[in-house]
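These notes concern the structure reproduced below.
Nothing in this text is a laboratory measurement; each read-out follows from the coordinates by a stated rule. All of these numbers come straight from a predicted model, not from anything done at the bench. When we count neighbours, we look across all protein chains shown, and the Cβ atoms used for this are built from the backbone with ideal geometry, even at glycine.
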Amino acid sequence: MQKNRLIWKLGIMLVVSLVLCLSSIAQITGLSDQPERYIDRPLTLHSNNMEFSFGYQFGVLSSIYDNKGNSVSIADAGIASSSQAANFQFTYGVTENWQVQAFVNYSYINTSTAMVAQSTGNKVMQTEGVKKTSGMFDPELRLSYLLFGNDKKLSLSVGGGLTLPVSAYKPDKPEIKYFAGSPDEYQFIYNNHNGAGSMAYNFNMVLKYRFGGISDNNRTSKLIVRLFTDFYTTPGTVSTNDWQYVFDAKNPNDFTFQELPVKYKKGDWLVNRLYFDYQAYTIASFMFGLSNRLYFHGWKQTADLKVSEYDVSETAFSVGTHIQASPRLRIDELFTLPVMG
């Protein structure tokens, strides 16, 4: 058993969507001179261990998948999108089998569209849209239990959690900007928030299998495989508002926004990740794996028009390393490339 310890993780992540995902995590791992090998780590934290983590992510969207699963360059569609995110996580090992976790994330996404022509009745105007989505995500609380296999060939943990609807979710009134010297060109700025507006529930499972010997003094085991499964469901329906611009036919340069009542239901997420980890050296292991994300059952209703959201499926391939730089410092590197969607 490892000594009680305080764990700190610092993460920096650089993401190029649909092309490259690079993450780096540094972590204080323990007080003992001989650190626990990565593949020997149990599925839950040791008793009385704490883990704090922080991560930063920057992303640039380069392409998207169409309805037929083909990759489409967003530059060809006149779209540009970038994102930034900060992630905070706390984990505490209550016992050798129980752990609790708390997650809080903040992100900012900026998406702009090319200038397009729109008819407003008695004239044609050129509009450019900027959509900003920012703010704190709803915090998530989790509880996990190690059913069996603390250091055996087969380990299994199960858990559940809640996402609390405490963050702002109603969109702000859009802004209108006029391009100087061109009375027919406008920019609409839409400000949205990350909150879901309704409580979500999480159910998760982690299965780990060890090839070769068990975790012992001679450390004969070199390879493990892990399967992570997460399911999120948001059963509640949310009533909020949306905004639609109204053109004043008497004054071509006068626009106002009308607030419209809207109902929506967030869809469900099913995420599966299969990872193989090979302990090449005592202080270094290598990982490769596949992951798949499914999103479904979401819809939005404005007045009497109810529209289902697109179902989403994305499969990605990952490779990475886990390096124990010192008894107190571990560095994780992960590269992810989406291959199908």
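Holding the Cα-Cα limit at 28 Å, pick out from Lys173/Lys266; Lys173/Lys306; Lys131/Lys266; Lys131/Lys306; Lys177/Lys266 the pairs that are longer than that. Lys177/Lys266, as the Cα separations exceed 28 Å there. Using the Cβ-Cβ distance between Leu329 and Gln258 with R0 = 41 Å, the FRET efficiency computed as 1/(1 + (r/R0)^6) comes to roughly 0.15. Taken along the Cα-to-beta-carbon direction at a fixed 7 Å, the label points for Tyr106 and Phe211 span 4.3 nm.
Charged neighbours of Val130, selected by a Cβ distance under 15 Å, balance to 0 (K, R count +1; D, E count -1).
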